[in-house]
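Data block below; observations after.
Every number in this text was worked out from the coordinates using simple rules, so none of it is lab data. Since we're looking at a predicted model, the values are computed, not measured. Backbone-built Cβ (ideal geometry, glycine too); neighbour counts: all protein chains shown.
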Amino acid sequence: MKAVLFASLLVLYTSVLCFSQRRIMDQPNERARAAAHVLQTQYFSDENGTYPRAIDWTSAVTLEAVIHYMAVTKDLSYISQVDHFYSSQAAASLEHQQFDDMYWVSNSWLEAAKLLKFIRPDLSEKYLQRSRHFFSLAFTGGWDPSTCGGGQRWGPRNHYKNAITNELSISTAMNIFEYTNEPYYFDVAKLGVDWFLRDYKTDKSMFNQDGLINDGLTDQCTNNKQTTWTYNQGVILSGFTRLFKHTKDAKYLTLATDLLDSILKSYLIDPETNSLVEVCDPATRIACNQDQQIFKGITIRHVSYMLDIIRDTKTQVANIDSYIKFVKAGAEAVWTRARDPSSGKIANYWRGGDFSRLQMTTETHVAGLEALVAAASL
Ligand SMILES: *[C@@H]1O[C@H](CO)[C@@H](O)[C@H](O)[C@H]1NC(C)=O
């Protein structure tokens, strides 16, 4: 009888423990914390200060995810790993890569500089210098009035005028402007955005009739109708919203909300989970390359930055509830469907499925982490 009583008490005790554990893991901060922990213990090399299986640009995007996580949760566990990454980053090689690669580097170190401004001013200053350095290399090398009346070209040896490089130049410039207050960065952003918006939604624009942004322009300077990758929609959202914040011109806010509304109505939303889906994601295809595996994370990160600015400026936005719902749906899908509970690793396809058939890499994990961080920031 005693044994039975003891056994039932034990069962009761463990179920209470499991229940409270589950309750904790329902909290957005704790989900983000768990995913950041997996990233920094399983995908980061403490020996070398790198993400060994990531490539240079996705490593920079990964750094920004860790910074975003620390900024949102105030859990500053990874400062020394970030500084180790700084010393190990392939900076010399990145100076000769594509201009978008340089902008990823620039924006990530700017975010790091912001986070550490008052905590570690020494590191913050060093990170700001790297941010400025890569911005300046990308802009002076990449701004190209020789075709299409301006815009950024993709790389030193590549004339392609694509969406991502132009969006990054604008959003990064506004981010550095906000931090340094130096008019140079605002002027660069304005030059870029005026060009980016020229012939808006005509066949000469990267914006198509559905309000989504295709990949870039043809040699004849018309919309090339190539894939509307999620990140082509995402990165400019923070740029537009910061332009609104600093110019008070409502046009920029409308551009941001129209674009986000267009995303939410499009095939970039999976109807089953109401979260982002990349065209290469579905389990039957397993076709996302290493670049594409991180795109959704970049997109949700810039939605998160946009919502931060809207909140900080106390701006009224008509569809704000649908934006918040969208961010929550992404985190819910990532946590309950795309995360393999046995390893804590997050797969590419947020609808989930058989984990042995899904892609699971540093990049897919970072994309999922950003969804969890975005939800934690609400
Ligand atoms: C660190 O770099 C060395 C030299 O490239 C390599 O042999 C080692 O496997 C790396 N360690 C990790 C954990 O990636």
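Hey, got a sec? Which trypsin sites (Lys or Arg not before Pro) in the stretch 63-119 land in a DSSP loop and have at most 12 other Cβ atoms within 10 Å?
Values: sites: K74, K114, K117; in loops: K74, K117.
Sparse-neighbourhood loop trypsin sites (Lys or Arg not before Pro): K74.
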Taking Cα centroids, how far is the stretch 30-84 from the stretch 202-267 in Å?
29 Å
Tell me which residues come under 5 Å, amide H to amide H, from S275 once H is placed; ignore anything under 5 positions away on its chain.
D270
Taking θ = phi - 60°, what integer Hz values does the Karplus form 6.51 cos²θ - 1.76 cosθ + 1.60 yield along the stretch 332-339, in sequence order, with x for Gly and Pro?
5, 5, 4, 6, 8, 10, 8, 9
Per q in 0.06, 0.08, 0.12, 0.13 Å⁻¹, report the Debye log10 I(q)/I(0) for the chain, using one uniform scatterer on each alpha carbon and no solvent.
-0.23, -0.40, -0.87, -1.03
Quick one: which of 274-281, 103-110, 160-167, 312-319 comes out on top by average Cβ neighbours within 10 Å, and what's the full order, highest first?
103-110, 160-167, 274-281, 312-319
The stretch 233-313: trypsin sites (Lys or Arg not before Pro) falling in loop per DSSP and having at most 15 other Cβ within 10 Å:
K248, K265, R285
In terms of modelled amide H atoms, which long-range or inter-chain residues lie less than 5 Å from the amide H of G216?
A163, N224, K225, Q226
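What is the sum of charges, Lys and Arg at +1 and Asp and Glu at -1, for the other residues whose Cβ falls under 10 Å from the Cβ of N29? Mind showing how you got there, number by number?
On the way: positive: R31, R33, K74; negative: E30, D75.
After counting each charged neighbour, the total is +1.
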In sequence order, calculated HN-Hα J values of the stretch 49-58 (Karplus, 6.51, -1.76, 1.60; Hz; x Gly/Pro)
x, 10, 9, x, 9, 8, 9, 4, 6, 6
Step through the residues of the stretch 305-318 one at a time and calculate ³J(HN,Hα) from phi using the Karplus curve (6.51 cos²θ - 1.76 cosθ + 1.60, θ = phi - 60°), rounding each to whole Hz and writing x for Gly and Pro.
4, 4, 5, 4, 5, 4, 5, 5, 8, 6, 7, 7, 10, 4
Please list, or write none, the lysines whose alpha carbon is within less than 16 Å of the alpha carbon of K161, excluding same-chain residues fewer than 8 places away.
K204, K225
Normalising by the residue count of the chain, find the relative contact order in percent from Cα pairs under 8 Å and 6+ residues apart.
15 percent
What lysines could a cross-link reach from K248, if we take a straight Cα to Cα line under 17 Å and drop same-chain neighbours fewer than 8 places away?
K190, K314
Per the helix-only calculation at 222 nm, which mean residue ellipticity applies to the chain, given -39500 (n - 2.57) for every DSSP H run of n ≥ 4 and division by its residues, nearest 500 deg cm²/dmol?
-19000 deg cm²/dmol
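Let's see if you can work this out: charge +1 on each Lys and Arg Cβ, -1 on each Asp and Glu Cβ, no other charges. What is the dipole magnitude of the stretch 70-123 about its Cα centre, in debye to the nearest 20? The partial results should precede the final answer.
Details: 4 positive and 7 negative charges, 58 e Å.
Charge dipole of the stretch 70-123: 280 debye, to the nearest 20.
Quick check for me: using +1 on Lys/Arg Cβ and -1 on Asp/Glu Cβ, what's the dipole size of the chain about its Cα centre, in debye to the nearest 20?
Details: 38 positive and 41 negative charges, 170 e Å.
It works out to roughly 820 debye.
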Exceeding the 21 Å Cα-Cα cut-off - candidates K245/K265; K114/K245; K296/K345:
K245/K265
